[in-house]
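Beneath this line is the structure, given in structure tokens, with notes to follow.
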């Protein structure tokens with residue numbers, strides 16, 4: 001089995017990364033950062049997001065395992081004091097995995113003939129930098145509304161627990177391969193109207209935004225941001241690709257949600 005270790009630059013994460021590197025060498029794993037079978041991330045959810053984008057071109061071949069070196073992350077199942085158990089689990093690997101859906105983002109710019117494509121694990125957002133964002137919102141090719149406000153967030157089911165949740169969106173189980181669109185500071189008064197509610201988009205549908213032709217929009221795809229160009233349209237759709245996590249001790253989704261937001265001591 002070929003292993004890649006992807007760590008953030010924190011002191012504790014680098015220390016755990018070095019320990020893992022030695023343990024993998026001692027147990028005769030092949031360390032391969034270019035074409036791994038397993039990517040072990042060391043840090044938190046942000047580190048795993050970075051690793052996902054690093055290896056997005058080989059998602060059909062690679063599985064992820066997360067080790068957290070701080071607070072429990074949503075994608076990281078192993079604590080930093082459990083790396084011996086992790087190595088033992090990898091030695092008895094049988095190829096099992098659990099998969100989560102992803103988000104395809106296609107952006108057409110005014111100054112470019114070919115659209116750019118992105119892949120998101122959590123969400124993508126569109127905002128305006130210094131004024132109200134105005135955009136036509138199409139769902140499945142049909143005009144739904146003219147949105148006015150700070151922005152829009154389109155999230156995956158696992159991403160529904162991230163920025164989407166802070167905006168008042170619903171938490172969605174990843175077995176439902178849907179998208180969620182949540183408004184950011186929408187304007188609703190006697191003149192302007194939006195639905196003013198999160199929307200769950202079916203797997204075969206898609207969302208297309210046609211923003212007013214300004215150049216101060218900010219597009220985010222997970223933790224990456226893009227700005228400074230006139231956007232013609234953006235289309236969001238459930239991707240045919242998925243992210244795969246090695247299923248050694250992968251926590252059940254609602255237990256993960258409980259641990260992240262409620263805590264066992266408050267569940268009773």
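No lab work stands behind these numbers, since they all come straight from the coordinates. What you see is a predicted model, and the numbers here were worked out from it, not measured in a lab. Cβ: placed from backbone, ideal geometry, glycine included. Neighbour counts: every protein chain shown.
Quick check on the chain: helices-only [θ] at 222 nm, where DSSP H runs of length 4 and up contribute -39,500 (n - 2.57) each and the sum goes over total residues. Nearest 500, please.
-5000 deg cm²/dmol
Where does each of 217, 226 land when they are ranked from fewest to most other beta-carbon atoms within 10 angstrom?
226, 217
If I build a Gaussian network model for the chain, linking alpha-carbon pairs within less than 10 angstrom, which residue out of 113, 121, 102 has the largest mean-square fluctuation?
Of 113, 121, 102, the Gaussian network model singles out 113 as fluctuating most.
Of the residues 66, 168, 151, which exhibits the maximal mean-square fluctuation in a Gaussian network model of the chain defined by a 10 Å Cα contact cut-off?
Checking each option, the largest mean-square fluctuation is seen for 168.
In units of 2.2 N^0.38 Å, what is the alpha-carbon radius of gyration of the chain?
Values: Rg = 20.1 Å, N = 268, 2.2 N^0.38 = 18.4 Å.
Normalised Rg, Cα atoms only: 1.09.
Going by C-beta contacts inside 10 Å, put 240, 61 in order with the fewest on the left.
Ascending number of Cβ neighbours within 10 Å: 240, 61.
Evaluate the relative contact order of the range 102-240 (contact order divided by residue number), counting alpha-carbon pairs under 8 angstrom at least 6 apart; express in whole percent.
This gives 32 percent for the range 102-240.
Connecting C-alpha atoms closer than 10 Å in a GNM of the chain, tell me which of 219, 143, 103 has the biggest fluctuation.
For the chain, modelled as a Gaussian network with Cα springs under 10 Å, the answer is 143.
Take the eigenvalues of the Cα gyration tensor for the range 95-180, scale each by 5, and report the square roots as semi-axes in whole Å, largest first. Mind dumping the intermediate values first?
Numbers: eigenvalues 126, 62, 31 Å².
Here the semi-axes work out to 25, 18, 13 Å.
In nanometres, what is the gap between the two model label sites at residue 28 and residue 14, each 7 Å from Cα along Cα-to-Cβ?
It is 3.3 nm.
Could you give the distance between the Cα centres of the range 196-211 and the range 80-107, to the whole Å?
30
Taking the beta-carbon count within 10 Å as an exposure proxy, list 183, 214, 142 from fewest neighbours to most.
142, 214, 183
Under 8 Å for C-alpha pairs, at least 6 residues apart: give me the relative contact order for the chain, rounded to a whole percent.
Reported as a whole number, the value is 20 percent.
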